Amino acid sequence: MDTIYSVLGAILPFEAYQFNFMRNAFLAILLLTPLLGLLGTMAVNHQMAFFSDALGHSALTGIGLGIIFGLGNDLVAMLIFGIIWAILICLIRQFGSASADTVISVFSSTSVAAGLLILARGGKFAKYSSLLIGDILAVTPGDLFWLLIALICTLVFWALLYNSLLLTSVDSFLARSRGVKTILVEIAFVVMVAVAVMLSIRWVGVMLINALLILPAAAGRNIARSARQHAAWSVAIALFSGLVGLTLSYYLDTSAGASIVLISAMCYAVSLAVRSIRK
Amino acid sequence: MPLHHCELCHIDLDRISVRRGGQILLQDVSMHIHCGQLTVLIGQNGAGKTTLIRALLGQLRYSGLIRHVDGRGLNIPHLRTGYVPQHLQFDREMPLTVRDFVAASLTKRPVWTGVGKKVRAQVNEILSAVNAESLADQPLGRCSGGELQRVLLALAMNPPPDLLVLDEPVSGIDRNGLKMFLETLLDLKKTHHMAILLVSHDLRFVREYADHVVLLDKSVLAQGSAAEVFASPEFSAVFGYSGEEEEAE
């Protein structure tokens, strides 16, 4: 870790990065943003922006249930509940007759209400309010290790599943006729999104996590013409917003998560302008 | 009715029935789809045409037997199907080129990492078989109806199928696009050894191009050459007019 810190100190000659907590946050963003940027491309193509928003909200219930069942580890509780929640929404979307956004809205409001009910018992919610806005400066070297593992696992699954997912998002009937197990592929995808969202939520916060997943991919989509360009732009915009947002938040003394998301939103505005000029 | 054995390799549908939720969608459909022939399925909306296609593609549960048999009536173990949907309902703003789309169906290498030289050549070859090589770099969402159908046809032909199934591929295509699509299809019929099953509402098209016509309404009402089926009383009953009147128009 010391070697990495000294390398970072050498390549980042800013006052902000003389501190180890900022270096940790920098590394976390280096790992997190490409992960969310890549997954975001398919979430956007699959029209799942609202879905991932609901998933983020379910973190509250996850932690709440973790407390009830006596799970010592918040992250494990969030992961388990997030994955189950994601699969449930996915299956109901597949087999239910109600429209997708209605189903997702029901799930989203239920999980927020259940989470608040449990966490705010006896007026104790203040303890969990950091969960809403997140704290990227709280990243520890141990967290970084798990983030790296998550990034690698996601990349492996992403490589294996991507083409099948792409065909499914174009036309699921056509995908099935070409031997794609569309339901399994979709479930694997929502589980990946659930894991990525739950891992990042402590640092980015329930309120902003979805923006980080969707905004870079949505901006990239305005500029890109091919799948490769979409992935490249999305990751580039996510990384750019992450690093610029983090650095600015230090100097302006603002919330890191909010700064990052605002930079992403600016990138989105620019991408819209580029798109309208091209047309 | 049981069908007599014939001398060509074909796909033999023997009393195919599909029920869902107490409703009969198909009842005892028996027919042959011959190699080297264009078999056209006609019938009103709700006659079970798409259900039959889905059964053939193995996407829903049915009773009865679908066999792939050679000229001597012996089973051929595999039936490889290719499918061209009626239209794609997809997000036309998706950043995805025709090359990405075709490559994603051919290889495991994720197309966001790019398309390798070998696959690129393969995609070009596949597209050129349907006169669509110039579309490779175009976003899929910007293709016209006819262009999209040719790309889908190219995809359905790879790997080469024993049975090519097309679900109303010519609806909603402009005249030029339609002509080009049909020429490509007839060309493939000549050059490839496969059976083609096509659903169509366009009776003029059916009369002109079909080798064999099957009139469906839950079960097979009539089958034979276009002239035979169009002249049948069942045809008049379903469509409300006889084939002769249609010709006079």
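Values as computed for the structure displayed
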quantity	calculated
Residue satisfying condition, being hydroxyl-bearing (S, T, Y), within 18 Å of the chain's Cα centre (by Cα) and at pLDDT below 95, within set A:S200, A:S234, A:S177	A:S200
Elements of type strands (runs of 3 or more DSSP E) contained in the range B:1-114, each with 1 or more residues being farther than 28 Å from B:G240 by Cα and not aliphatic (A, V, I, L, M)	B:10-20, B:23-34, B:63-69, B:81-84
Residue among B:V170, B:V165, B:V115 that is more than 16 Å from B:L182 (Cα to Cα) and β-branched (V, I, T)	B:V115
Some residue of the range A:51-66 being within 14 Å of chain B (Cβ to nearest Cβ) and either under 16 Å from the mean Cα position of the chain (by Cα) or in a helix (DSSP H, G or I) (or both)	no
Lone qualifier among A:L117, A:L131 - being in contact (Cβ under 8 Å) with a residue 12 or more places away in the chain and surrounded by fewer than 19 Cβ atoms within 10 Å (Cβ to Cβ)	A:L117
Residue check for A:A77: farther than 30 Å from B:L56 by Cα, within 14 Å of chain B (Cβ to nearest Cβ), free of Cβ contacts under 8 Å to residues at least 24 places away in the same chain and among the small types (G, A, S)	no
Any hit, the range A:94-102, residues being outside any loop (DSSP other than H, G, I, E, B), among the β-branched types (V, I, T) and within 23 Å of the chain's Cα centre (by Cα)	yes
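Here is a yes/no grid of residues against (1) facing another protein chain (nearest Cβ under 10 Å); (2) touching a strand residue (DSSP E or B) at 6+ places or on another chain (Cβ under 6 Å); (3) free of Cβ contacts under 8 Å to residues at least 60 places away in the same chain; (4) not acidic (D, E):
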position: B:V29; (1), (2), (3), (4): no, yes, no, yes
position: B:Q37; (1), (2), (3), (4): no, yes, no, yes
position: B:V40; (1), (2), (3), (4): no, yes, no, yes
position: B:G64; (1), (2), (3), (4): no, yes, yes, yes
position: B:T81; (1), (2), (3), (4): yes, yes, no, yes
position: B:D91; (1), (2), (3), (4): yes, no, yes, no
position: B:R99; (1), (2), (3), (4): yes, no, yes, yes
position: B:T113; (1), (2), (3), (4): yes, no, yes, yes
position: B:K117; (1), (2), (3), (4): no, no, yes, yes
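Conditions tested, residue by residue: (1) in contact with a Cys (Cβ under 6 Å, 6 or more places away or on another chain); (2) surrounded by fewer than 24 Cβ atoms within 10 Å (Cβ to Cβ); (3) closer than 28 Å to B:A103 by Cβ; (4) free of Cβ contacts under 8 Å to residues at least 60 places away in the same chain.
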{"site": "A:M207", "(1), (2), (3), (4)": "no, yes, no, no"}
{"site": "A:N210", "(1), (2), (3), (4)": "no, no, no, no"}
{"site": "A:R228", "(1), (2), (3), (4)": "no, yes, yes, yes"}
{"site": "A:W233", "(1), (2), (3), (4)": "no, yes, yes, yes"}
{"site": "A:I237", "(1), (2), (3), (4)": "yes, no, yes, no"}
{"site": "A:L262", "(1), (2), (3), (4)": "no, yes, no, yes"}
{"site": "A:A265", "(1), (2), (3), (4)": "no, yes, no, yes"}
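The values are calculated or read from the model by the stated rules, or taken from the named source; none is laboratory data. Fair warning: this is a prediction, and the values are worked out from it, not measured in the lab. Positions of Cβ are generated from backbone atoms using ideal geometry, with glycine treated the same way; all protein chains shown enter the neighbour counts.
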